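Here is the structure we will look at.
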Amino acid sequence: MNFDTNLILSIMPELARAFGVTMLTWVAGVIGAALLGFLVAVARRYGSRWLGYPLRLCVEVIRGTPFLIQLFLLYYGGPFIGLSLEPIPAGLLGLTVYGAAYFSEIFRAGFEAVPPGHVEAAECVGLNRRQIIQRILIPEMTMLVLPASVNMAIILLKETAVLSIITVPELTLVISAIGSQQYAFVESLFLLALFYWGLVELAGRLGRYMEARFSKYRFVTA
Amino acid sequence: MTMPAISVKGLIKRFGDVEVLHGIDLDIPQGQVSCLIGPSGSGKSTLLRCMAFLEEASDGLIFINGEPLGYASGPQGKPVRLPAARIRAVRSQIGMVFQQFNLWPHMTALGNVSEALKTVHGVRKSEAEERAMVQLKKVGLAERAGHYPSQLSGGQQQRVAIARALALEPKIMLFDEPTSSLDPELTGEVLNVMRALAADGMTMVVVSHEIGFAAAVCQQIAFLDNGKLLMTGTPQQIFGKPRHPRLDQFLDTYLDRGAAMLV
């Protein structure tokens, strides 16, 4: 079997659309997951225990089961409880909830890593609880969780490939379909791997750039 | 006699089942420097943290310029917690400096010093920064105003932390081992700032292992051992002979004789 570059060129428009869907689900999924994860972390830290226990259970269940199965259940099981979603919204919701479980743990660890002395110093100059959360805890935590968050974003990018099983027309679905139509499995999978790797590389660079920009804020250990 | 700046009455502090302060009575006089000394685990830092209301007393009361801090005497002699606004008002008379500096790493020196003025007291940014600069000048760091804590030496960070506390114009400054995490050659600059503050008549309470500083700058020394106040007095009374045997032992163990002989 020859390596056919013409084939790759001819399928470009279709690829561009699929690339758009992957980017959309990824970016929207990461933002949604980070926001939801943050809310869960805050609720578990500052909310009542009657909120904390169920949230903890949810986080444990989501982290303890494969994303593939969660997505199947959401898409094919959802209609039984009146939740019928189109593939893209279903994929987005699944990715958001799945990512949020991990993000909430990253943020929880981040909150815990802020030295208690920084909070005491804020108390001593009269900041109230809300001001301490806004002005001290959240900014410091954000710096602490940056590396882990970039890593999580990269993992979520690769997890978007799983959305193909609920027929979201993203890169993996489109490229493997082309591969089977054209009997060009190697080319298509090669291309697919290249796409993801390129994107991951890009995300990693962005992460390193942000870490470098924030390095002057880094913690000093006395 | 004038009212003491801080008056500690029968202070008991327990962590779980462990009692670390067994009923401390201590007056901190106005406009003087008082040092709390004692071996590790003697409870001196806990006592200071109670004065800053970072630890809440298990029993007993603390008065700041005559006003109860956190708890007031209740009907059956049981301490009752005061409303949050009153606690804040009394606490605002106190500035605190920590062993670990505890500067906020995401703010510049100027940001650290002006933060509470802006956030708590609603002072306009330009005015808050002007007032913060005055304090940074006082600790000799005006030209480092734009630096982040990670760009400052330990001694500089501690001086910023002192400026941060001073910016709120406290009546009393508490120092919890302010030089213990500094390299020996950096302790001097921090102690000099504290000396200048003492010369200005600030009421100060210092937990320190710097016995030389304690002897030279403090008017009152309190020696704690095992959660009890063993003795209080002037440096001459404390370090002069004959010494309390426990103090002699402490000076032997924790210091080279040279520093103790400064007295």
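Note on the stretch B:157-181: among residues that are facing chain A (nearest Cβ under 9 Å) and not hydrophobic (A, V, I, L, M, F, W, C), the one that is nearest to B:S114 (Cα to Cα) is B:R164. In the stretch B:75-126, the residue that is farthest from the other protein chains (Cβ to nearest Cβ) out of those that are small (G, A, S) and at positive phi is B:G77.
The set of residues from the stretch B:122-173 being free of Cβ contacts under 8 Å to residues at least 60 places away in the same chain and surrounded by 23 or more Cβ atoms within 10 Å (Cβ to Cβ) comprises B:A132, B:Q135, B:L136, B:V139, B:L141, B:P149, B:Q157, B:R159, B:V160, B:A163, B:A167. The combined condition, being within 30 Å of A:F214 (Cβ to Cβ) and either exposed (fewer than 14 other Cβ atoms within 10 Å of the Cβ) or touching a His at 6+ places or on another chain (Cβ under 9 Å) (or both), is not fulfilled by B:G41. Kindly check whether there is at least one residue in the stretch B:58-79 that is within 27 Å of A:L137 (Cβ to Cβ), over 22 Å from the mean Cα position of the chain (by Cα) and surrounded by fewer than 19 Cβ atoms within 10 Å (Cβ to Cβ). No: the stretch B:58-79 contains no residue that is within 27 Å of A:L137 (Cβ to Cβ), over 22 Å from the mean Cα position of the chain (by Cα) and surrounded by fewer than 19 Cβ atoms within 10 Å (Cβ to Cβ). The residue list B:L103, B:L136, B:L186 contains one member that is closer than 30 Å to B:I28 by Cα, in contact with a Gly (Cβ under 7 Å, 6 or more places away or on another chain) and not β-branched (V, I, T), which is B:L186. Residue-level check: of (1) under 20 Å from the mean Cα position of the chain (by Cα); (2) part of a loop (DSSP other than H, G, I, E, B), B:G212 misses just (2). Exactly one residue among A:E201, A:E211 is within 14 Å of chain B (Cβ to nearest Cβ), within 24 Å of the chain's Cα centre (by Cα), modelled with pLDDT of 80 or more and assigned to a helix (DSSP H, G or I), and that residue is A:E211. Counting only helices (runs of 4 or more DSSP H) that fall entirely inside the stretch A:53-149 and contain at least 1 residues that are closer than 20 Å to A:I165 by Cα, modelled with pLDDT of 90 or more and away from every other protein chain (no Cβ under 14 Å), the qualifying elements are A:67-72, A:87-113. Taken over the stretch B:142-156, the criterion of being within 7 Å of chain A (Cβ to nearest Cβ) and either within 22 Å of the chain's Cα centre (by Cα) or at positive phi (or both) is satisfied by B:P149, B:G154.
The values are calculated or read from the model by the stated rules, or taken from the named source; none is laboratory data. Worth saying up front: this structure is predicted, and the values here are computed from it rather than measured. Note: ideal-geometry Cβ built from the backbone for every residue, glycine included; neighbour counts use all protein chains shown.
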